[in-house]
């Protein structure tokens, strides 16, 4: 029942908050903190337990079900985690709690805010644990509604546009997934929606149907990632969303796209995967270079971080293109975790500065290192992590991606390495313009240092970023058996 | 000897008599107790529901009246929509209808009886009579705001179109009778099969009959291109009646459609004989309904008109299930209408309550409503999200089922189109949500629905969550209904 608790405890918190009077702001805040703290602890326990007891085999652990749910259409309640979902569950638990702590400064419509946030957490956890397609789809969609409200009510100036764009864009993607799920459902007798079972059977479908389903799933997942050219919702959503929501968007939501590819479409359709592997890697390359170039042109700090996500998720796509290499796939997983930690932290830090300065314009700052050294230190640390400095998780993941992908696509990988240089370019330039140089005393004399609560929200992320950078083997050991099995499935 | 198994007709007979009781009570109390009459009506509907649970299954009047699973399933929807329409009528009955309140409720009951007869019809004449009994009271109800020009226009328009479409339908039915020599739908099916086996094709007369029937029922369903009347009528009619029209009478149209086409003309849908594939024609009509309904709804700034166009689109989704014409198709159509009952009645009830409070139907007047009336705003949001098909609400399961049926029957293109238009529909449903939640304005009023209105809203919300998360009992029932048809 571990997984069910992890998924539905935030939902219980959601209901508890609904029945709390809206004047009791502190009760609401603490309810949210408690009902995201327990799932976080549970996600840690799951990770630890999986690492100790289950990581040696690729079988699903903590399996619940399959229990009959809607018998007439063979829908089952079926949960389970393996080496690719455990890190995501961990990340979701951690980032959700940290984001809720970071949201304590929300003053406007507090009750609704935290209620929606907890609902969002239920959706995300569910996606990473569901092994039944119907259940997977429900969680996938459920998440859109709170996200819509979170961006639309508490967001920046163009929040309404960003919220509806996010909603429509992702829904547009999911409908293709729904059609593909239905096609799969009717392709086999007995009809089934069980993901593990379909992974076994799907390669027996006709080539045309496989191609069709693969493309349909790809559109749905690619929009979430977001893969160029489906990325245009992302800068809008990220920039307009409140800080904590940007953290969740970058840290967890984008991963649902790559997770979906690894969980569903890659092992299910090996033949189309072979056919499309070069285009996928090319899309990854375009994402890396394009995202980095656009980041370079940004004047707004948050936009810079947002576009850097497009670039960083490009590494994942490049690795996913090189499906036959365990190293590449492991690199993709590493990048998912690492990007969640680093970009999550960067968004939190941007939020910290914005709360004080009420602007995110890079050019407006300068020499902040003198005035707020602790903040500067942390910011520089994560900028370095983001550009892939050795000793931090970003380096490990990029290195693994390049090593793994080089065997499959020499030229594409060689070009993709340019992305590292470009990232270093815009990150260092940002650091230089904001934190070094001359300090504008008249304008920023009143700027206060990062406070304890804010440090506490980024500290765990910093620890993990460095820990994974220095000693990555626990994570790779955790995933190894699952990834080897996955690569075997994809090589069918 | 014809059997008169009146027992299985008890719900209808009771409801008919109860309508007279309601009217008589109103007269007897000199029209003073508007609330009591409302409660009396709701009580009668509830009793009819109990009678339906006790007495069903079997044939009466020879086989003209059949109380099979399909009929029972849809009767639950009719009674539910009547119950909810009455519940949301209390306030307007009190404020806007000074005279003839008893008749107002009585006419709703008469129309419900018509729907119930219609769903039990196993042959063309009883089907036609049921249809007329359904619509004639509705003509009067649509024009119930006598002093309101728009309402009167709505009633008149509805009556003219209604009579016109009935005539077309009747002509089609009589042609069908003429060609086959029977009014019994099962016999029609057999006769048609015989004709086809003998000649290897179907004559132009039958094709004409078939097109006219489709058009006749298409008018009743407001299926594109027979939908022109609907937005005006829906806007002009008292809102609870609009809701009743869009749920109850549509469900009646759907069941009539299923009886005639899926049962009687099923032979055309099978692979062996495809002289005239009504599936493809219906698929085109369904696409038109989804495209035109949704795109026109985008432009509406009046919530009743928006809901009117959206219900044109919704019937398109139902038709995706009907096109499939297999077990899952029929089950999905039934389930869809069942969920639609909660979502659409709920949305219209909310619009009624809002109008009663503010006198406005403009979407813009919903600005900032979540601040002063959070529960009301949340309920309306749930209804709209269910109409848009967002999980875990009932509307999602319903859409999933019709789309599944469409894919199973090989209409993948239709399902993709339906899904694309569903994304469009999200935009206008969410527009209202956006107004209520994102607007910085704070309204000066607070929405406090009366008890029966609250009951309707609550019933809707509970239904959507309950049958969204645990659809199995109703879904199994819906699959049972499909056994009525021999596929």
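So the values come out like this:
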read-out	value
Residue in segment B:322-329 that is at positive phi and either at pLDDT 95 or above or away from every other protein chain (no Cβ under 12 Å) (or both) present	yes
Unique match (being surrounded by fewer than 24 Cβ atoms within 10 Å (Cβ to Cβ) and either within 12 Å of another protein chain (Cβ to nearest Cβ) or touching a strand residue (DSSP E or B) at 6+ places or on another chain (Cβ under 8 Å) (or both)) among B:361, B:356	B:361
Sole residue being buried (at least 23 other Cβ atoms within 10 Å of the Cβ), over 21 Å from residue A:344 (Cβ atoms) and in contact with a strand residue (DSSP E or B) (Cβ under 6 Å, 6 or more places away or on another chain), chosen from A:193, A:184	A:193
Evaluation of residue A:405 against (1) in a helix (DSSP H, G or I); (2) surrounded by fewer than 17 Cβ atoms within 10 Å (Cβ to Cβ); (3) in contact (Cβ under 8 Å) with a residue 60 or more places away in the chain (one fails), failing number	(2)
Residue within segment B:445-462 that is away from every other protein chain (no Cβ under 11 Å), under 28 Å from residue B:299 (Cβ atoms) and outside any helix (DSSP H, G or I) present	yes
Among (1) over 23 Å from residue A:15 (Cα atoms); (2) assigned to a helix (DSSP H, G or I) - the single one residue A:78 does not satisfy	(2)
Qualifying residues in segment B:422-444 (those that are part of a loop (DSSP other than H, G, I, E, B) and away from every other protein chain (no Cβ under 11 Å)) - the one surrounded by the fewest Cβ atoms within 10 Å (Cβ to Cβ)	B:444
Within segment A:168-206, considering residues that are more than 7 Å from chain B (Cβ to nearest Cβ) and under 30 Å from residue A:360 (Cβ atoms), the one nearest to the chain's Cα centre (by Cα)	A:170
Count - residues of segment A:136-154 that are more than 7 Å from chain B (Cβ to nearest Cβ) and closer than 13 Å to residue A:108 by Cβ	2
Within segment A:452-492, tally of residues that are loosely packed, with under 13 Cβ neighbours inside 10 Å and assigned to a loop (DSSP other than H, G, I, E, B)	3
All positions within segment A:155-167 that are within 10 Å of another protein chain (Cβ to nearest Cβ), assigned to a helix (DSSP H, G or I) and in contact with a helix residue (DSSP H, G or I) (Cβ under 6 Å, 6 or more places away or on another chain)	A:159, A:160, A:163, A:167
Residues of segment B:386-420 that turn out to be touching a residue at least 40 places away in the same chain (Cβ under 8 Å), within 10 Å of chain A (Cβ to nearest Cβ) and surrounded by fewer than 22 Cβ atoms within 10 Å (Cβ to Cβ), as a count	2
Residue in segment A:77-89 that is within 13 Å of chain B (Cβ to nearest Cβ) and either at pLDDT 90 or above or at positive phi (or both) present	yes
Meets criteria (part of a loop (DSSP other than H, G, I, E, B), surrounded by fewer than 17 Cβ atoms within 10 Å (Cβ to Cβ) and either on the phi > 0 side of the Ramachandran plot or within 14 Å of another protein chain (Cβ to nearest Cβ) (or both)) for residue A:68	no
Search result, residues across segment A:120-132 that are part of a helix (DSSP H, G or I) and away from chain B (no Cβ under 11 Å)	A:120, A:121, A:124, A:125, A:127, A:128, A:129
Any chance residue B:380 is crowded, with 22+ Cβ neighbours inside 10 Å, more than 8 Å from chain A (Cβ to nearest Cβ), part of a helix (DSSP H, G or I) and free of Cβ contacts under 8 Å to residues at least 60 places away in the same chain	yes
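One line per residue, one yes/no per condition, for (1) closer than 24 Å to residue A:338 by Cβ; (2) loosely packed, with under 15 Cβ neighbours inside 10 Å:
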position	(1), (2)
A:359	no, yes
A:364	no, no
A:376	yes, no
A:381	yes, no
A:389	yes, no
A:414	yes, yes
A:420	yes, no
A:425	yes, no
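The values are calculated or read from the model by the stated rules, or taken from the named source; none is laboratory data. Everything numeric here is computed off the predicted structure, so don't read it as measured data. Virtual Cβ from ideal backbone geometry, glycine too; neighbours counted across all protein chains shown.
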